[in-house]
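Just so it is clear, none of the values below were taken in a lab; they were calculated from the coordinates. Computed from a predicted model, the values in this text were never measured in an experiment. When we count neighbours, we look across all protein chains shown, and the Cβ atoms used for this are built from the backbone with ideal geometry, even at glycine.
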Amino acid sequence: MLLGSVLFAIAMVPLYNVLCDVTGFNGKTKNSAELVEKSLKVDNTRWVKIEFTSNVMSGLSWEFAPMQSSMVVHPGQLELAKYVAKNITDQDSTGQAIPSITPGQAAQYFRKIECFCFRHQDLKAGESRVMPLTFYISPELPVGIKTITLSYAFFNVTKQ
């Protein structure tokens with residue numbers, strides 16, 4: 001039963017990526033940050049707090065954490081957040097980050113321009129890496145949503 005659950009979790013990573021690429025779900029786009037920034041209309045009349053959290057799933061011996069616990073942003077303003085990952089083993093490994101946004105209603109307004117979650121991340125034994133995330137919150141975000149939590153879970157996708 002446990003093996004089946006682990007295999008299912010590993011299979012979800014590539015399926016999720018295909019879904020996001022095809023539909024643009026969860027803000028995954030192929031646009032460059034420069035093009036997006038030129039077209040954004042910043043809503044300077046309000047602020048939204050973004051909270052950042054992280055998890056490393058069983059089977060991946062990495063440390064992974066946001067470099068900032070939160071930030072306060074104007075909707076429509078292009079922002080940069082950073083995470084840091086470290087492979088704490090003596091073997092190379094590959095991980096894939098899967099994002100989760102709460103409240104769920106906010107997910108369609110959280111737009112990632114560039115994200116480490118778009119691709120597998122290879123870390124050599126003992127290697128650390130800063131992983132940037134360029135994003136914005138759509139000005140269309142309902143006014144009642146004042147806090148958004150972005151959480152990443154890193155899964156092991158190392159080929160055996």
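For the stretch 128-140, putting each phi into the Karplus relation 6.51 cos²θ - 1.76 cosθ + 1.60 with θ = phi - 60° gives couplings of 10, 8, 7, 10, x, 9, 9, 8, 8, 9, 4, x, 6 Hz, in residue order, rounded to whole numbers and with x for Gly and Pro. Backbone phi angles across the stretch 107-120, fed through the Karplus curve with coefficients 6.51, -1.76 and 1.60 (θ = phi - 60°), yield HN-Hα couplings of 4, 6, 9, 8, 10, 8, 8, 9, 8, 4, 6, 6, 9, 5 Hz in residue order; Gly and Pro are listed as x.
Between their Cα atoms, which of Lys49/Lys124; Lys49/Lys86; Lys112/Lys159; Lys41/Lys86 are more than 32 Å away from each other?
Details: Lys49/Lys124 34 Å; Lys49/Lys86 27 Å; Lys112/Lys159 27 Å; Lys41/Lys86 37 Å.
With Cα atoms farther than 32 Å apart: Lys49/Lys124; Lys41/Lys86.
Karplus-based coupling profile of the stretch 82-97, in residue order and whole Hz: 9, 10, 10, 10, 9, 7, 9, 10, 9, 10, 5, 8, 10, x, 9, 8, with θ = phi - 60° in 6.51 cos²θ - 1.76 cosθ + 1.60 and x standing for Gly or Pro.
Note on Asp92 and Arg46: the model spin-label points, each 7 Å out from Cα along the C-beta direction, lie 4.8 nm apart.
For Val56, nonlocal amide neighbours, meaning residues 5 or more places apart or on other chains whose placed amide H falls under 5 Å from its own, are Phe154.
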